[in-house]
Amino acid sequence: MRTIRPFLFLIAIAALIAACGGATSASAPAAQAAGEAVGNGGKSLSGGADGAPPANPAPVYGSDGGQIAAVDDAKIIRTGTMSIEVSDVGAATRTARDAIVGLGGYVGASTTSNDGDQPSAEITYRIPAAKWEAALDQLRGLNGLTTKVVTEHTEAVEVTSQVIDLQARIANLRASETALQGIAEKATKISDVLEVQAQLTQTRGEIETLTAQLKDLNDRAGYATLTVQFNVPILAVDVAQKGWDPASVIDEAAASMVSVLQGLATAGIWFAIVWLPILLIVGIVAAVVVAIARRFGYGRRTPGGMPPAPIVGEG
């Protein structure tokens, strides 16, 4: 016990010194923050006297002393559709293509048609996300070729959480792949090797699938998609002229006349073949009945309204 007591005393002194050192290091940042607050006239570094954000926030420095710029890592997929009327469809599509290419984009798909005097085109553009608003402004004008923006619809969907989730799942699967490779190197039985190889194949397949999904999300977030419909203005006079054709009207009138004449001819045929004989028979029967009735005196009356007196023979 006499030998152990000095060691216990030394251990107690070392613990006391360590506690004092921790308290000193913890109080140093608080004192520094208090000094900075006093140096700024009692204002917090995160805002002014009224709690508003500072006009020029203090820069953030890394461990190497270099300033770290604020970076927005949000992943947003932007899509949109636009329908515009232009004075010249061909010139408008060329101008739009040059404008999009100048912004770093490209044409993803295109469809053109020429229905009579009404040419039109539908083109899908892929535009860098940072140049989205600039591209919309370019298409609204097209150096004066755009006469009217008929419709415009845009949509933004944030996929930051999906990207982070995919990155985490891929990292976990790669760690599992590394662990399985280590197990495969140490495996001695053929059954164990085959089992580990099957798990490795499944893990690598999942990694490839998730990597493709992550690449697709990053591509759609990096390049927005905009589908634009180009049309020329439709004049009411042109529509009225296009909708009226004298030859068609004459043809329709002639067809109606033929239909009416066909109806009259059909009615005449039916009357001559069916109804006329029936009416003749009915008329003959009626005439015979009337003649018989008169022969037997039915229907005859005296001038006074009394039937005639019977004729009595003389003597």
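The values are calculated or read from the model by the stated rules, or taken from the named source; none is laboratory data. Just so you know, these numbers come straight off a predicted model, no measurement behind them. As a convention, Cβ positions derive from the backbone with ideal geometry for all residues, glycine included, and neighbour counts pool all protein chains shown. Ligands, DNA and RNA are stripped out before the accessible areas are found, and what is left, the full protein with its side chains, is counted by its heavy atoms. Shrake-Rupley method; radii C 1.70, N 1.55, O 1.52, S 1.80 Å.
Results, tabulated for the structure shown:
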{"quantity": "Amide H within-cut-off set for VAL159, under 5 Å, with H built and near neighbours excluded", "calculated": "LYS75, ILE76, ILE77"}
{"quantity": "At 1.306 mPa s and 10 °C, Stokes diffusion of region 185-226 via Kirkwood alpha-carbon radius, µm² per second", "calculated": "125"}
{"quantity": "Which of LEU217, LEU261 is most accessible, then next, and so on - probe 1.4 Å", "calculated": "LEU261, LEU217"}
{"quantity": "Environment charge at GLY144 (Cβ cut-off 15 Å; Lys +1, Arg +1, Asp -1, Glu -1)", "calculated": "-1"}
{"quantity": "Largest to smallest principal axis extent of the C-alpha atoms in region 247-298, angstrom", "calculated": "71, 16, 6"}
{"quantity": "P(r) of region 87-198 over all Cα-Cα pairs, binned every 5 Å from zero, in whole percent", "calculated": "2, 9, 13, 13, 11, 7, 6, 5, 6, 6, 6, 6, 5, 3, 2, 0"}
{"quantity": "Cα-projected label distance for THR151 with VAL260, points at 7 Å along beta-carbon direction, nm", "calculated": "4.5"}
{"quantity": "Per-peptide average of other Cβ atoms within 10 Å, ordering 130-143, 161-174, 182-195 highest first", "calculated": "130-143, 161-174, 182-195"}
{"quantity": "Charge sum, other residues only, whose C-beta stays under 13 Å from ARG220's C-beta, Lys/Arg counted +1 and Asp/Glu -1", "calculated": "0"}
{"quantity": "P(r) histogram, all alpha-carbon pairs of region 132-267 included - 10 Å bins from 0, percent", "calculated": "9, 18, 13, 12, 11, 11, 10, 8, 6, 3, 0"}
